[in-house]
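Engineer: Please see the structure below; I have some questions.
What follows is calculated from the coordinates using simple rules that are stated; it is not laboratory data. Just so it is clear, the model here is predicted, and its values are computed rather than measured. Positions of Cβ are generated from backbone atoms using ideal geometry, with glycine treated the same way; all protein chains shown enter the neighbour counts.
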Amino acid sequence: MQNKKDDLKAELLGMKEAVEQALALVVQGKEEEAREVVQNGIAASGLVSDIGKGPALALHGHTTAPTKVPDGSRVTEGVFDGQHMIGADGKQYLVPPNYASKSKLVEGDMMKLAITQEGAFIYKQIGPIDRRRVNCTLEKDEMGMWQATDGVHRWRLLTAAVTYFKGNPGDEVIILVPGATPSKWAAVDNIIAR
């Protein structure tokens, strides 16, 4: 049993490394290279089969967590990019902003999506990336989109998260970002009114 656990851990660490490399490429504006790194990293890990051939995923008989999935559902796994889940099939799936905000999803988090026969999307976070907290100031950009800045970096924020905490420009915002990789998006941990 321990060997299976060690193998799985090594495979997940390989996937995590691929995701972190891909996030760095996305920050540099190299989206296609990033997608390739993620797909190659996931395929090399051995955790997912049939990359690019739809949502048929095989997980070595290991389940990430007991997740009740309706019969006949299609299941795919992927990586959260700040707004979407990028599936192993290369497709983007919009993650409901309220779910992303409530779950405090961070770029690089691993997710599972079940699409029911009725067309309902059921998301689940299955592998949070290492994260760190950053104290920032809440502001709006020229387009009216929310962002957080620490004076050096700027991160985009989901409007749903800011409105939940009743944030206003100039408020202090505590955000969650990936611990080891740069990111464009951040999750709101809390907002303190000024």
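Engineer: Taking the Cβ-Cβ separation of Gln117 and Arg194 as r and a Förster radius of 45 Å, what is the calculated FRET efficiency to the nearest 0.05?
Structural biologist: Efficiency computed from Cβ-Cβ geometry: 0.35.
Engineer: Which pairs, out of Lys140/Lys184; Lys30/Lys166; Lys30/Lys124; Lys104/Lys184; Lys30/Lys102, put more than 26 Å between their alpha-carbon atoms?
Structural biologist: Too far apart for the 26 Å limit: Lys30/Lys166; Lys30/Lys124; Lys30/Lys102.
Engineer: I need the phi-derived Karplus couplings for the stretch 177-194: 6.51 cos²θ - 1.76 cosθ + 1.60, θ = phi - 60°, integer Hz, Gly and Pro marked x.
Structural biologist: Listing the rounded values in order: 9, x, x, 10, 10, x, 8, 8, 10, 9, 9, 7, 8, 6, 10, 10, 5, 10 Hz.
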